[in-house]
Amino acid sequence: LLCFAPLVLIAGDKGINVDLPALAYLIGRLVHFPAQVIGPHLPMLRTAAFAVSWASCIAMGAMLIP
């Protein structure tokens, strides 16, 4: 959330549409918590969910670079 919120606010201020990466971030974070609870039964799901949310932040940052 620390990098997500400023990216969305800056993109909104510049008029850049970040709906798709923001949705990907939300889905990644919503999957991350149950994957954390399930723990050892699905070891790569937590990593994949975190990677999706982090990649969406990187995509939003790339959209802000002119």
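The values are calculated or read from the model by the stated rules, or taken from the named source; none is laboratory data. Note that this is a predicted model, so its numbers are computed, not measured. We place every Cβ from the backbone using ideal geometry, glycine too, and count neighbours over all the protein chains shown. SASA here: full protein model, heavy atoms, side chains in, ligands and nucleic acids out. Shrake-Rupley method; radii C 1.70, N 1.55, O 1.52, S 1.80 Å.
For first residues located in region 34-49 and in a helix (DSSP H, G or I), partners that are open to solvent by 100 Å² or more (accessible area, probe 1.4 Å) and lie 6+ apart or on another chain with Cβ distances below 7 Å form the pairs Ala35/Arg46; Gln36/Arg46. Quick one: would you say Leu26 is more than 11 Å from the chain's Cα centre (by Cα), at negative phi, surrounded by fewer than 16 Cβ atoms within 10 Å (Cβ to Cβ) and among the hydrophobic types (A, V, I, L, M, F, W, C)? Here the answer is no, as Leu26 does not meet what is asked.
The set of residues in region 29-66 being touching a His at 6+ places or on another chain (Cβ under 8 Å) and either surrounded by fewer than 15 Cβ atoms within 10 Å (Cβ to Cβ) or of a type outside the set (A, V, I, L, M) (or both) consists of Arg46, Phe50, Ser53. Residues that are under 15 Å from the mean Cα position of the chain (by Cα) and not in a loop (DSSP other than H, G, I, E, B) within region 1-18 comprise Phe4, Ala5, Pro6, Leu7, Val8, Leu9, Ala11, listed in sequence order. Within region 31-62, being more than 13 Å from the chain's Cα centre (by Cα) and among the β-branched types (Val, Ile, Thr) holds for Val37, Ile38.
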